[in-house]
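Below is one structure, written out as structure tokens; comments come after it.
The values are calculated or read from the model by the stated rules, or taken from the named source; none is laboratory data. These numbers were taken from a predicted model, which means no experiment stands behind them. No Cβ is skipped: glycine too gets one built from the backbone with ideal geometry, and neighbour counts run over all protein chains shown. Ligands, DNA and RNA are excluded from the accessible area calculation, which covers all protein heavy atoms including side chains. Shrake-Rupley method; radii C 1.70, N 1.55, O 1.52, S 1.80 Å.
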Protein chains: 2
Amino acid sequence: MARHPDHRPVETVETAFDILDVLRHTTSAGITEIADELDLAKSTVYRHTKTLESRGLVVRNGDTYRISTWFLDYGIHVRNQHPLFDVATPKVDELAAETDEKVWCVIEENGVGVHIYGAEGRHSVRTHARIGKRTALHQFAAGKAILAHLPADRAERILDEYDLAAQTAQTITDRDELRSQLETIRERGYALNYEESVSGVHAVGAPVKDESGDAIGAISIAGPANRLSGELLTDDLPTLLLGATNEIEINLAHS
Amino acid sequence: MARHPDHRPVETVETAFDILDVLRHTTSAGITEIADELDLAKSTVYRHTKTLESRGLVVRNGDTYRISTWFLDYGIHVRNQHPLFDVATPKVDELAAETDEKVWCVIEENGVGVHIYGAEGRHSVRTHARIGKRTALHQFAAGKAILAHLPADRAERILDEYDLAAQTAQTITDRDELRSQLETIRERGYALNYEESVSGVHAVGAPVKDESGDAIGAISIAGPANRLSGELLTDDLPTLLLGATNEIEINLAHS
DNA sequence: GCGCGCGTTCGAATAGCGGGAACAAACCTT
DNA sequence: AAGGTTTGTTCCCGCTATTCGAACGCGCGC
């Protein structure tokens, strides 16, 4: 495990997923449209698309194709078998009912945060977040909570890779500032987000750690900035949230 | 469109998805395990898996791999952009709140029913249904409602293909019986399910039709057999349900 | 400590992928 | 109505990229 052999990827597989990516971004597209976009011969795209269609992975609608609900089956399966899902879901529901705000369960995968479950409170804010949404870890409360509780070298490598892109004017883009925030987060156990991912939205996030103390995910509570402020944001909600994540960690260890 | 050209599929793509299928069924597997299952050389599986990993489509955990949450992103995207999703979701929630039972939104794709959204009522039965679940149309209320409102030739072709496999002892396996039920369903506008998909569970299903009168999906209400019986099952719930699907159809036409 | 089993690497052979050109049908435009 | 444009579809050839099998090195457990 030292050398870099030439690991050339299987190009045919890459083009297949390139095609699927085009279909994912364009809702529905035809053969020529895809071929133009990817700079491939029509015949190549044709054969690939027919292959995917025969597997049921894309669905034909007249002369255009869209990706099929098999991906929903694959995706929900992935989510449901994640160790955090079963134990976190009921707690997320509880938190949403108690706080009346939007509550998310986020896991870490390859250095990004993935929203795997969300519960609506009665006064939930509507953001563009949705199940499956991937967000850079430094841009939101749950992500920062995860980042702060990852092994130091992994955290640094993740920061190297994603380079602190800004999402709003408040997003932390300075590495030193982020480092000191992460330190604070480690000390008090939870993270705050002041309009760093969506303007007008504040949030609290707390990590869910495994036996070795590394974060495998996080839970967050988000709401409008004017409602989530003062002691509610810095005391009441964190207390509630930490209680929940603590319970989740215990259940996680015994499952 | 008469001859049978030799439509040979792209085999490399097929093996890639064969690998993904193995990973989907086994939670997590190693290179050799996959290679044995598929009768492929270890080196082939190795290269494919590394390709999928470099795209983030599978995730490595020590020496085993699992499929990644990208499929959740793909899948939820497919669901959200389905025309039925946005208009059906609020109605499904309403029905669940009003009836206190489990309510599902199902769409038809390639002759199978796909559960794309479900809402819990306070007394929901727990079945093995979940988002993304695919079910043969003849086996459940929503599916029969769809089948009854598909163009006759398409419906027949679907029945040819799936051959009326039984799910419980009550599942309709006789084609003539099914045909006469579908006729009844067309007349009264809704379908009933007496333990045909899950023993102990009854359900009502009604189709959602597009402008041309063909079903694109259906909504169903399911609950324990002893609670869902008598006039509730044959009168009250159908009335409620048909009101909802009617509204959905109107909203669908204006969107 | 020895061996089985795992992931990993390499090279070689061939089959299968990709491209381009040509066809057919549908669709506008005129 | 006719011709031009664009689409999906088919065919075939050449070359490359995929596949396989064998060999290596490592770690785990018997």
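Let a ≥ b ≥ c be the square roots of the eigenvalues of the Cα gyration tensor of the range B:81-223; is it rounded (a/c under 1.5), or, if not, prolate (a/b larger than b/c) or oblate? Cα axes put the range B:81-223 in the oblate bin. For chain B, the longest principal axis of the Cα atoms and the long axis of helix B:175-188 meet at an angle of about 50 degrees. Please label the shape of the protein assembly as shown as rounded, prolate or oblate, based on the square roots a ≥ b ≥ c of the eigenvalues of the alpha-carbon gyration tensor (a/c under 1.5 means rounded; beyond that, a/b larger than b/c means prolate, else oblate). Note, shape of the protein assembly as shown comes out oblate. Relative to the other identical copies, B:Glu37 shows label-point distances of 3.0 nm, where the label point lies 7 Å from Cα along the Cβ direction and values run shortest first.
Could you tell me how many degrees, from 0 to 90 and to the nearest 10, lie between the Cα long axis of helix B:83-99 and the main elongation axis, the longest principal axis, of the Cα atoms of chain B? For helix B:83-99, the angle is close to 60 degrees.
In nanometers and ordered shortest first, the copy-to-copy spacing of the B:Asp63 label point, defined 7 Å from Cα toward Cβ, is 5.3. Considering protein heavy atoms only and a 1.4 Å probe radius, which residues within the range A:56-85 exhibit an accessible-area decrease of no less than 50 Å² in the full assembly relative to the chain by itself? Buried-area filter returns A:Thr69, A:Trp70, A:Phe71, A:Leu72, A:Asp73, A:Tyr74, A:Ile76, A:His77, A:Val78, A:Gln81. Relative contact order for chain A: 15 percent, from Cα pairs under 8 Å spaced at least 6 residues apart, divided by residue count.
Histogrammed with a bin width of 5 Å, the alpha carbon distances of chain A distribute as 1, 6, 12, 15, 14, 13, 12, 10, 9, 6, 3, 1, 0 percent, first bin at zero. Eigenvalues of the alpha-carbon gyration tensor of the range A:11-68, scaled by 5 and square-rooted, set the equivalent ellipsoid semi-axes at 15, 12, 11 angstrom, largest first. For the interface of chains B and A, what total accessible area is buried with a 1.4 Å probe, rounded to the nearest 100 Å²? Summing both sides, the interface buries roughly 5000 Å². Between A:Asp176, A:Asp235, A:Asp39, where does the largest GNM mean-square fluctuation fall for chain A, given springs only between Cα atoms within less than 10 Å? Top of the fluctuation ranking is A:Asp39. Once the Cα atoms are used to define both axes, helix A:42-54 deviates from the longest principal axis of chain A by about 60 degrees. Cross-link check: pairs B:Lys91/B:Lys209; A:Lys133/B:Lys91; B:Lys144/B:Lys209; A:Lys91/A:Lys209 evaluated at a Cα-Cα cut-off of 21 Å; pairs beyond the cut-off: A:Lys133/B:Lys91. Pull out a ≥ b ≥ c, the square roots of the eigenvalues of the alpha-carbon gyration tensor of the range A:26-117, then state rounded if a/c is under 1.5, prolate if not and a/b is larger than b/c, and oblate in the remaining case. In terms of gyration-tensor shape, prolate. With a 10 Å cut-off between alpha carbons and a GNM built on chain B, which of B:Ser180, B:Ser229, B:Ser212 moves the most? Between B:Ser180, B:Ser229, B:Ser212, it is B:Ser212 that shows the largest mean-square fluctuation. Taking every protein chain into account, the 1.4 Å probe leaves A:Ser54 with about 90 Å² of accessible area, to the nearest ten.
Take the alpha-carbon centre of the range B:170-200, take the same for the range B:229-243, and report the distance between them in whole Å. Answer, in whole Å: 16.
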